[in-house]
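Quick notes on the structure that follows.
The values are calculated or read from the model by the stated rules, or taken from the named source; none is laboratory data. Only a predicted model underlies this, so the values are computations on that prediction, with no experimental measurement involved. Positions of Cβ are generated from backbone atoms using ideal geometry, with glycine treated the same way; all protein chains shown enter the neighbour counts.
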Amino acid sequence: MRIVLMGPPGAGKGTQAKRLVDEFGMTHLSSGDIFRAEKASGSQLGREIDEYMAAGHLVPDKVVVDVMTKAITSSPNGAGLLLDGFPRTVPQAETLDAQLARAGKPLDAVVIINAEERLIVERITGRRVCPKCDKVYHVKNMPPRRDGVCDECGTALIQRADDVESVVRRRLAAYYRQTAPVVDYYRRRKDLRLMEFNGAASAETVAAEIVRALKGPRPKC
Ligand code: AMP
């Protein structure tokens, strides 16, 4: 199964991606995670990418497509693919389509998780992450046992530079301006399933709904 997972930042894509991988076993490729790993490697490319990320802007299409093409072509054959955070612009979506068509492995479904701006800002600005083991917390909804310290490995938690409110608002603006048209692009495609979910519901509810929809019969068009 090849799926694109879309939605504004903070809608719960990361959480749902983990659950979908547990359920269906496909390879999870998160463009944001891949870019953060590139930054952590200290490479010149990582430094360039970080300038855009830290400011809340999208990374240029050419860079994104190069990095993601490499990740897709080196992912294990046959396991299926869960693309999370990619594509985020129409040119990225067109390039991905062409690449998958050449490989004879087109997308099966596009899963969109929606959430309101107020909820998104509250979720993201309260998010804290462990820089060592990547565990994610929320100051109110999922606090660590000891304030500011990771339950798993005892490392001091941090707030991602792009999780502060001014940057979150810019990321949201980028989503509505550049990524919302990708939803319309996929909506026009009759050969794949487009499914929308309410990200305000609990993670368990959203996961159950997505799994049920993906396991369900393909609607006749
Ligand atoms: P995420 O973790 O998915 O919220 O991504 C974090 C940041 O990485 C975004 O705010 C962008 O700066 C950058 N990014 C991730 N995926 C893409 C993409 N497909 N196109 C452009 N920029 C991206």
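Just a few scattered comments:
- The one condition in (1) in contact with a helix residue (DSSP H, G or I) (Cβ under 8 Å, 6 or more places away or on another chain); (2) more than 25 Å from Ala173 (Cα to Cα) that Arg102 fails to fulfil: (1)
- Whichever residue in the stretch 178-221 is free of Cβ contacts under 8 Å to residues at least 12 places away in the same chain and more than 22 Å from Val21 (Cβ to Cβ) and, among such residues, is nearest to the chain's Cα centre (by Cα): Ala180
- Verdict on Phe24 being more than 10 Å from the ligand (Cβ to nearest atom), closer than 23 Å to Phe197 by Cα, in contact (Cβ under 8 Å) with a residue 12 or more places away in the chain and not assigned by TED's automatic domain parsing to the domain that holds Val136: yes
- Which numbered condition Arg127 misses (of (1) surrounded by 14 or more Cβ atoms within 10 Å (Cβ to Cβ); (2) of a type in the set (D, E, K, R); (3) in contact with a Ser or Thr (Cβ under 6 Å, 6 or more places away or on another chain)): (3)
- For Arg2, the test of being away from the ligand (no atom under 14 Å from the Cβ) and surrounded by 15 or more Cβ atoms within 10 Å (Cβ to Cβ) is passed.
- Some residue of the stretch 128-140 being out of contact with any strand residue (DSSP E or B) (no Cβ under 7 Å at 6 or more places or on another chain) and in contact (Cβ under 8 Å) with a residue 60 or more places away in the chain: no
- Members of the stretch 8-59 found to be in contact with an Asp or Glu (Cβ under 9 Å, 6 or more places away or on another chain) and not in a helix (DSSP H, G or I), listed by number: Pro8, Pro9, Gly10, His28, Leu29, Ser30, Gly56, His57, Val59
- Filter pass, Val63 being surrounded by fewer than 17 Cβ atoms within 10 Å (Cβ to Cβ) and either of a type in the set (Ser, Thr, Tyr) or farther than 18 Å from Val129 by Cα (or both): yes
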